[in-house]
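The values are calculated or read from the model by the stated rules, or taken from the named source; none is laboratory data. The model shown is predicted, which means the values in this text are computed figures rather than measured ones. Here the Cβ positions follow ideal geometry from the backbone for every residue, glycine too, while neighbour counts run over all protein chains shown.
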């Protein structure tokens with residue numbers, strides 16, 4: 001779908017697009033019953049932090065950058081914020097801070113020296129990104145070629161329009177205790193899945209005590225893990241059922257698959273567990289070759305952690 005540009009709005013010029021740079025917000029909800037994936041940011045925490053720093057609604061669209069950053073030129077004064085993976089951002093060749101409101105001027109060029117930690121970076125622009133809202137969301141769904149900017153990843157030479165902003169923002173910074181630390185190994189907290197009884201006691205024990213490696217088959221749809229084979233009692237298939245962000249399926253080969261932002265709406269493999277929502281941003285910052293383990297917690301504890309997180313967002317005490 002081609003997007004007819006509005007006039008008199010600020011633009012950014014994409015000189016280099018990076019490996020995979022897309023427009024994402026928090027996702028496209030309410031359409032899974034029709035087979036439409038949610039999509040949205042892989043690391044929703046970083047996207048919301050970035051938006052909070054430039055005065056946007058937390059669900060406003062940002063640029064999600066994977067592995068290698070773009071080179072972007074600004075055609076007007078504005079404010080931005082960069083959160084998530086540290087790709088060593090620079091403006092006009094000078095290092096710039098992350099997790100802080102950044103004022104940029106017309107003609108400034110944002111670039112990235114290279115990935116230092118994590119895997120995905122989010123850039124928020126004051127006023128947001130002016131792209132069509134499709135089914136309630138600006139997110140790009142790559143396999144469906146819809147949403148975002150023309151339904152695709154950005155390319156060299158693209159020009160994106162920004163929303164209106166006041167140009168009178170207060171410079172803010174995220175408190176150090178709320179800035180995540182990304183490591184090459186992560187322990188993800190889980191709750192048992194609806195088909196956990198499809199596995200032997202030994203298989204469930206192996207799942208919790210083993211360390212798995214993210215394979216090269218990892219993308220926005222799902223992460224395939226290698227390591228201890230988790231065997232089923234009898235069948236390795238179920239009647240196709242709903243899956244969520246963080247659902248862990250076990251296919252016939254016994255190698256776990258973690259479903260991510262662009263996951264399909266249903267799946268036919270037993271769901272052994274689901275990763276709790278507040279751990280998903282850390283999962284999104286892992287890359288092929290990184291390690292992951294699982295630790296089971298009670299559903300009640302997961303709910304309490306989620307409530308605490310919601311209260312923290314409402315209080316805006318991260319800044």
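Condition (residue is touching a helix residue (DSSP H, G or I) at 6+ places or on another chain (Cβ under 9 Å), surrounded by fewer than 24 Cβ atoms within 10 Å (Cβ to Cβ) and part of a strand (DSSP E or B)) applied to region 87-95: is it met by at least one residue?
No, region 87-95 contains no residue that is touching a helix residue (DSSP H, G or I) at 6+ places or on another chain (Cβ under 9 Å), surrounded by fewer than 24 Cβ atoms within 10 Å (Cβ to Cβ) and part of a strand (DSSP E or B).
Does residue 270 meet the test of being in contact with a helix residue (DSSP H, G or I) (Cβ under 9 Å, 6 or more places away or on another chain), farther than 19 Å from residue 194 by Cα and surrounded by 15 or more Cβ atoms within 10 Å (Cβ to Cβ)?
For residue 270, the condition - in contact with a helix residue (DSSP H, G or I) (Cβ under 9 Å, 6 or more places away or on another chain), farther than 19 Å from residue 194 by Cα and surrounded by 15 or more Cβ atoms within 10 Å (Cβ to Cβ) - is not met.
Which one of 60, 73 is more than 19 Å from residue 152 (Cα to Cα) and either assigned to a helix (DSSP H, G or I) or at pLDDT 95 or above (or both)?
73
Are there any strands (runs of 3 or more DSSP E) wholly within region 127-220 with 3 or more residues that are closer than 25 Å to residue 82 by Cβ and outside the structural domain of residue 257 (by TED's automatic domain parsing), and if so which?
159-161
Looking at 169, 204 in this structure, which one is at negative phi and modelled with pLDDT of 95 or more?
None of the other options fit; the residue is 204.
Would you mind stating whether residue 59 is without any contact (Cβ under 8 Å) to a residue 40 or more places away in the chain and not assigned by TED's automatic domain parsing to the domain that holds residue 288?
Answer is yes for this residue.
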